[in-house]
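Below: one structure, written as structure tokens.
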Amino acid sequence: MKNIFILLLLTLTTTLTFGQTKINYKIFYSDNLQNEGLKIQVLFSSKKASDSTYFRYSNEVWGETNLTNCLILIEKENPKYTFKILADSNRIVVYHPHEKNISFSYHIIQDIKEENHKARYRPQLRINYFNILGQSLFVVPEEMIEPHIEDPEIIADIEWVNFPKNFIIHNTFGSQQLSQKLKVNLWSEFYNSLFVGGDYRIKSFNYLNNPVYFAIRGNWMGEYTDEHLFEALKKTISTQREFWQDNNFDYYTVIITPTITQTDSLYKGQSIRGSSVANGFLIQSTNNPFNSFLDISYIFNHEMMHDWIGGKILMKNGDLNKWFSEGFTDYYTYKNRLRNNDISLKEWLDNFNLDVLKAHWENPERNKPNYIIQDEYWTNRNIEKIPYLRGAIFAFWLDNQILKKNNYTKSLDDIMRDVLKTCTTENKQFTDELFLEIAQKYLDKDVTYFFQKHIIIGVDFEIKNEDLIDEFKIEYIDKVPKIIVEKEMKNKYILK
Ligand SMILES: [Zn+2]
């Protein structure tokens with residue numbers, strides 16, 4: 001009896017998995033994009049007939065609030081249907097005739113008058129282009145978002161209808177594909193994506209047979225030519241995929257969009273930000289004659305590092321693991337740029353001394369414990385900086401320890417690849433314990449106490465000369481540490 005019951009249960013589970021629901025989206029072109037927005041028609045078959053269905057639409061994404069202002073439902077386009085938007089619950093209640101098949105359309109519009117570098121994640125739709133995060137483009141039936149599954153799989157067909165031939169359609173799932181069939185996870189992929197179209201320019205290349213796409217729009221100034229940026233991307237791809245010894249990316253894209261363009265030389269500042277999404281990353285920046293190439297190449301290196309740290313190596317404890325997910329990412333941003341000659345030894349040294357060590361010691365909140373990052377990361381700029389800098393300093397200390405202990409045959413690079421391998425092949429998520437356990441193998445000593453003291457509690461690092469490889473010395477100026485390079489060190493510090 002018991003056996004039959006288990007068998008029945010098994011069959012039932014299998015049927016449920018196979019009976020997965022699918023959703024269709026048809027996205028229509030309009031030659032009046034800036035006013036009408038994009039019209040999206042949804043077609044969905046619910047598992048059971050009823051007269052109302054809940055759809056998710058995120059009211060808050062990446063710090064942008066009131067996003068339901070960007071979603072418009074037009075009654076005469078949807079006869080027999082009525083709608084209620086419950087912004088605080090991220091929900092649209094769709095009232096429809098009593099049946100399983102639901103079909104309605106909505107528009108996504110730009111709700112702010114002009115491009116604004118502070119509203120960078122809101123939908124942008126002008127006559128000649130659009131730029132919309134996946135989460136702000138698609139409503140998803142709540143029925144497809146099973147609450148007990150952390151990152152449910154979504155099957156979605158997307159069709160781009162009536163778009164003129166020269167209107168580029170490009171996104172983090174494909175380039176120039178007017179019909180897209182996606183089978184992806186909701187939170188880490190479908191809702192962690194960017195969809196753009198219009199006057200973007202596309203370039204692509206293959207890295208060891210895997211395609212990489214570069215999409216850019218706008219008339220960039222200074223050193224930001226398409227060719228220069230494209231070359232920087234190529235260099236970053238080869239450096240990082242070689243570093244991780246991993247080229248397992250079927251599709252990859254970087255999308256660059258200007259926020260505000262100022263041709264005069266009145267304002268010399270630049271507001272630039274990179275954000276990691278599924279299968280690539282996006283960069284949004286102000287555009288003026290003083291665009292800094294060093295800044296954008298920093299972002300290329302930082303964001304791409306997240307393909308692994310945070311992408312393939314998933315953080316179990318979110319913000320509490322930021323000392324690794326941001327700190328080690330930043331450490332390797334500097335180290336890999338030195339490795340591929342993106343920056344000189346002097347620039348690397350200046351970066352590390354000024355932007356990491358000095359910046360950390362000047363932060364009045366630097367001794368705050370790690371748990372505070374969970375509560376104040378998004379609201380306090382000084383708290384936000386802590387995990388980046390504290391983590392990068394820990395990485396530097398650890399790298400030196402491993403190089404010394406293993407007589408320059410192993411470095412922190414080996415730990416990183418070991419962490420990647422453990423997390424991907426053993427299906428584990430990153431935890432402090434997992435990291436310390438792997439680190440111990442390379443040091444034959446336990447660094448848990450050091451880690452607790454400086455990363456978790458927040459006591460200042462006391463780096464001594466004997467902690468570092470012979471090529472480095474440390475000196476303290478007004479208690480702020482500074483690295484000095486004693487002799488040619490690049491070949492010792494960076495192992496092939
Ligand atoms: Zn980052």
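Across the range 307-344, the residues whose backbone nitrogen lies under 15 Å from the label position 7 Å along the beta-carbon direction of GLN429 are 310-322, 325. Take the Kirkwood radius over Cα pairs of the chain, plug it into Stokes-Einstein at 4 °C and 1.567 mPa s, and you get 52 µm²/s for translational diffusion. Pairwise alpha-carbon distances in the range 192-345 exceed 28 Å for 19% of all pairs. Both radii are taken from the alpha-carbon atoms of the range 278-407; with Rh as the Kirkwood radius, Rg/Rh is 0.97.
For LEU182, the residues whose amide H sits under 5 Å from its own are ALA156, ASP157, ILE158, ignoring neighbours fewer than 5 places away on the same chain, with H placed 1.01 Å from N.
Once the gyration tensor of the Cα atoms in the range 149-244 is diagonalised, the equivalent ellipsoid follows with semi-axes of 26, 21, 12 Å, ordered largest first. In the chain, the longest principal axis of the Cα atoms and the axis of helix 327-339 are about 70 degrees apart.
Beta bridges assigned by DSSP with both partners in the chain are antiparallel in approximately 75 percent of cases. Taking amide H as placed 1.01 Å from N in the peptide plane, the amide H of ASN59 sits under 5 Å from that of ASN90, each at least 5 places away or on another chain.
What range in the chain is the longest one free of GluC sites (Glu not before Pro) that are in a loop by DSSP and have at most 16 other Cβ atoms within 10 angstrom? The answer is 224-361.
If you look at the Cα atoms of the range 24-199, you get an Rg and a Dmax of 15.6, 45 Å. Mean residue ellipticity at 222 nm, helices only, the chain: -8500 deg cm²/dmol; runs of at least 4 DSSP H residues each add -39,500 (n - 2.57), and the sum is divided by the number of residues. Couplings for the range 208-220, taken from phi via the Karplus curve 6.51 cos²θ - 1.76 cosθ + 1.60 with θ = phi - 60°, read 6, 6, 9, x, 10, 10, 10, 10, 8, 9, x, 9, 7 Hz in order; Gly and Pro are left as x. Would you work out which of ASN66, GLY458, TYR331 lies farthest towards the positive end of the dipole of the chain? Charges go on Cβ: Lys and Arg +1, Asp and Glu -1. So the residue furthest toward the plus end is ASN66.
Considering every alpha-carbon pair of the range 259-334, the percent of pairs per 10 Å bin, from zero through the bin containing the longest distance, is 18, 42, 26, 13, 2.
For a Förster distance of 22 Å, can you work out the FRET efficiency between the beta-carbons of GLU365 and LEU436, rounded to the nearest 0.05? For R0 = 22 Å, the calculated efficiency reads 0.30. Excluding same-chain neighbours fewer than eight residues apart, the aspartates and glutamates reachable from LYS421 by a Cα-Cα span under 17 Å are GLU242, ASP246, ASP307, ASP413, ASP432, GLU433, GLU437. The dipole here belongs to the range 24-199: it is taken about the Cα centre, uses +1 on the Cβ of Lys and Arg and -1 on the Cβ of Asp and Glu, and is about 300 debye. Can you flag which of LYS234/LYS404; LYS181/LYS312; LYS385/LYS482; LYS26/LYS118 are past 26 Å Cα-Cα? Going by Cα-Cα distance, LYS234/LYS404; LYS26/LYS118 fall outside the 26 Å limit.
Here the spin labels are modelled as points 7 Å beyond Cα on the Cα-Cβ line, and at ASP478 and ASN101 they lie 7.4 nm apart.
Every number here is computed from the coordinates shown, using simple stated rules; none is lab data. Because the structure is a prediction, the values reported are computed rather than measured. Cβ atoms come from the backbone with ideal geometry, glycine included; neighbour counts cover every protein chain shown.
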